[in-house]
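The values are calculated or read from the model by the stated rules, or taken from the named source; none is laboratory data. Given the structure is predicted, the values throughout are model-derived calculations rather than measurements. All Cβ positions, even for glycine, are placed from backbone atoms using ideal geometry, and neighbour counts span all protein chains on display. With ligands, DNA and RNA removed, areas are computed over all heavy atoms of the protein, side chains included. Shrake-Rupley method; radii C 1.70, N 1.55, O 1.52, S 1.80 Å.
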Amino acid sequence: MSTHHRAISRRRLLQCVPLAAAGLALTACAAPPPAPPTAAAKPKPAGPTIVMATSELVVGRNRFAIGIIDEGNKPIVNAQVSLGFYQLNGTEGTKRAEAPATFRWVEQQAKGIYTAPVEFDAPGRWGIEATVEREGQRRVIRSGFEVKATGSAPTIGSPAIRSRTLTPADVKDPADLCSAAPPCELHTTSLDQVLAAGKPTVILFATPGYCTSATCAPQLNVLLQARPRHQDRAAFVHVEIFKDPRNQVLADAVTEWRLPSEPWMFFVDRNGIVVERFDGIATVEEIDAAISQLV
């Protein structure tokens, strides 16, 4: 049994791996520089490790996403993975939930992440036990994580914040609205006006030209792929992360929505309530399924 967790944040992981146009690439990635040796230094993990691909987990319903990296620091793809979730009390853990994980290709038959829906009923320290089966071998990997009582970003079941966002009437150059090249067409109406209209809405917070996680441009591309099938039933809005990217000044909407990372995607029903949220990269299939919940 392996019990390894690699101390790499999602942001750190995504900064050091290349990305294809379809999304997150869990490729070989050097770990952060080692700390100075001490008497208490731990040996280097000898087995597969879990890399968290979700930056914020909260009490209630969550989309749990992880990457799994093998001993050679390469992604384990398309394995059969089941997840057990344990509430921790000191060194003891009580199993509270379990779910099969779905592997989602985010770069044509090469890279991807594992996702599973899970509902946490209490904040604090939790643990995950991933059972990984591939090529006739079975491995068990464990890792710890934190569940917050409430999220900094709007959570499922909460009202969407009616932030004012820039439109073509506010700028001279379309590049000031959207850092994608070319700028996308999801800025025609301010977010507050879209939400006030009472139409189901998909909101992507991402900065394709300045993304520190390198997943914003791929995520915008994926959303634009999904949009033609759903634009009759839902409105689509893209919000840039920075209003002054050179000085990294956050856009007002990003501050108001209290986003801890990027990209984020929210699905809001006609009553203005968040019914789903994706923290990090999401696939076309996940977007399609989330939009089907909008009424």
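Summed over the stretch 248-274, residues that are open to solvent by 20 Å² or more (accessible area, probe 1.4 Å), under 14 Å from residue 201 (Cβ atoms) and β-branched (Val, Ile, Thr) total 1.
Listed conditions (1) closer than 24 Å to residue 203 by Cβ; (2) part of a strand (DSSP E or B); (3) β-branched (Val, Ile, Thr) are all met by residue 94, apart from (1).
Taken over the stretch 117-143, the criterion of being surrounded by fewer than 15 Cβ atoms within 10 Å (Cβ to Cβ) and under 20 Å from residue 280 (Cα atoms) is satisfied by 117, 119. Within the stretch 142-158, the set of residues being within 30 Å of residue 131 (Cα to Cα), of a type in the set (A, V, I, L, M) and assigned to a loop (DSSP other than H, G, I, E, B) comprises 149, 156.
Looking at the stretch 196-217, which of the residues that are touching a strand residue (DSSP E or B) at 6+ places or on another chain (Cβ under 7 Å) and open to solvent by 10 Å² or more (accessible area, probe 1.4 Å) is modelled with the highest pLDDT? Taking the candidates together, the pick is 199.
Can you find a residue in the stretch 85-105 that is in contact with a Ser or Thr (Cβ under 9 Å, 6 or more places away or on another chain) and modelled with pLDDT under 90? Yes, the stretch 85-105 contains at least one residue that is in contact with a Ser or Thr (Cβ under 9 Å, 6 or more places away or on another chain) and modelled with pLDDT under 90. Contact map, the stretch 172-200: residues that are touching a residue at least 40 places away in the same chain (Cβ under 8 Å) and on the phi < 0 side of the Ramachandran plot paired with residues that are among the polar types (S, T, N, Q) and open to solvent by less than 40 Å² (accessible area, probe 1.4 Å), Cβ distance under 7 Å, separation 6+ or inter-chain. Pairs shown: 179/207; 187/167; 189/167; 191/163; 191/165; 194/201; 195/201. Among all positions in the stretch 114-134, there is at least one residue which is on the phi > 0 side of the Ramachandran plot, modelled with pLDDT of 95 or more and in a strand (DSSP E or B).
Applying the criterion of being of a type outside the set (A, V, I, L, M) and over 25 Å from the mean Cα position of the chain (by Cα) to the residues of the stretch 146-175, the residue that is nearest to residue 266 (Cα to Cα) is 167. Against the criterion of being out of contact with any Asp or Glu (no Cβ under 6 Å at 6 or more places or on another chain), of a type in the set (D, E, K, R), in a strand (DSSP E or B) and open to solvent by 10 Å² or more (accessible area, probe 1.4 Å), residue 277 qualifies. Here is the figure for the stretch 50-91: residues that are closer than 22 Å to residue 106 by Cβ, outside any strand (DSSP E or B) and touching a Gly at 6+ places or on another chain (Cβ under 9 Å) total 9. Could you list, in sequence order, all residues of the stretch 111-125 that are more than 19 Å from the chain's Cα centre (by Cα) and in contact (Cβ under 8 Å) with a residue 40 or more places away in the chain? Hits for the stretch 111-125 are 121, 122, 123. If you scan the stretch 64-115, which residues turn out to be in contact with an Asp or Glu (Cβ under 9 Å, 6 or more places away or on another chain), of a type in the set (Phe, Trp, Tyr) and open to solvent by 10 Å² or more (accessible area, probe 1.4 Å)? Within the stretch 64-115, just 86 meets the criteria.
Taking residue 231, is it without any contact (Cβ under 8 Å) to a residue 12 or more places away in the chain and surrounded by fewer than 16 Cβ atoms within 10 Å (Cβ to Cβ)? Can you show your working first?
Values: without any contact (Cβ under 8 Å) to a residue 12 or more places away in the chain: yes; surrounded by fewer than 16 Cβ atoms within 10 Å (Cβ to Cβ): yes.
So residue 231 passes the test.
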